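Contents: one structure, followed by commentary.
The values are calculated or read from the model by the stated rules, or taken from the named source; none is laboratory data. These numbers come from a predicted model, not from an experiment. Quick reminder, even Gly has a Cβ in these numbers, built from the backbone with ideal geometry, and neighbours come from all protein chains shown. Note: accessible area is taken over every heavy atom of the protein model, side chains too, but ligands, DNA and RNA are not part of it. Shrake-Rupley method; radii C 1.70, N 1.55, O 1.52, S 1.80 Å.
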Amino acid sequence: MGATGRSAHCAAMAGARSVVVLLAAALMLAGAVLGSEERPRLLGAPVPVNENDEGLQRALQFAMAEYNRASNDKYSSRVVRIISAKRQLVSGIKYILEVEIGRTTCPKSSGDLQSCEFHDEPEMAKYTTCTFVVYSVPWLNQIKLLKSTCQ
């Protein structure tokens, strides 16, 4: 081979190596894209929700009604404050709530809890932090309390 033949041969080899590198990169990218489609995807991650959200308020009322129904306490409890509230879109809406609740002066038979005062005597006052997970499917008019833990 002459000098011209050798440089053409080297240029062809360099071009072929570039094509091989590009082809390998393309295959790796395709593998990553195809591989990611096989993993299960979440419909949505939990996101913070505003305290004034209508769905959140309904979920919280439902959770408190269930809490009071299950409680052996003679008095009803109600929310003192919302510590955190998140909403997750699943096949419905899941609300993850962390709230501080307190014992009111109203017996369980009382209707409107929002007008009930909290006990101010230390031996009667009882404040607890609870986590409620409420699953709601508004378009089917369904709601469930999935989790209720207090400490």
Against the conditions (1) in contact with a Phe, Trp or Tyr (Cβ under 8 Å, 6 or more places away or on another chain); (2) not in a strand (DSSP E or B), where does VAL99 fall short? Just the number, please.
(2)
Among the residues of region 135-150, what is the count of those that are among the β-branched types (Val, Ile, Thr) and not in a strand (DSSP E or B)?
0
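Rundown of residues vs (1) touching a Phe, Trp or Tyr at 6+ places or on another chain (Cβ under 7 Å); (2) among the hydrophobic types (A, V, I, L, M, F, W, C), yes/no style:
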site: SER109; (1), (2): no, no
site: GLU117; (1), (2): no, no
site: MET124; (1), (2): no, yes
site: VAL137; (1), (2): no, yes
site: LEU140; (1), (2): no, yes
site: LYS144; (1), (2): yes, no
Are any residues in region 77-102 surrounded by fewer than 14 Cβ atoms within 10 Å (Cβ to Cβ) and small (Gly, Ala, Ser), and if so, which ones?
SER84, SER91
Mind counting the residues in region 62-79 that are touching a strand residue (DSSP E or B) at 6+ places or on another chain (Cβ under 8 Å) and either over 14 Å from THR128 (Cα atoms) or assigned to a strand (DSSP E or B) (or both)?
10
Are any of the residues in region 70-77 of a type in the set (A, V, I, L, M, F, W, C) and under 17 Å from the mean Cα position of the chain (by Cα)?
no
Considering only residues that are open to solvent by 60 Å² or more (accessible area, probe 1.4 Å) and assigned to a helix (DSSP H, G or I), look in region 103-134 and name the one that is farthest from ILE93 (Cα to Cα).
SER115
So LEU43 ticks every box in (1) modelled with pLDDT of 95 or more; (2) open to solvent by 30 Å² or more (accessible area, probe 1.4 Å); (3) not charged (D, E, K, R) but one. Which box is left unticked?
(1)
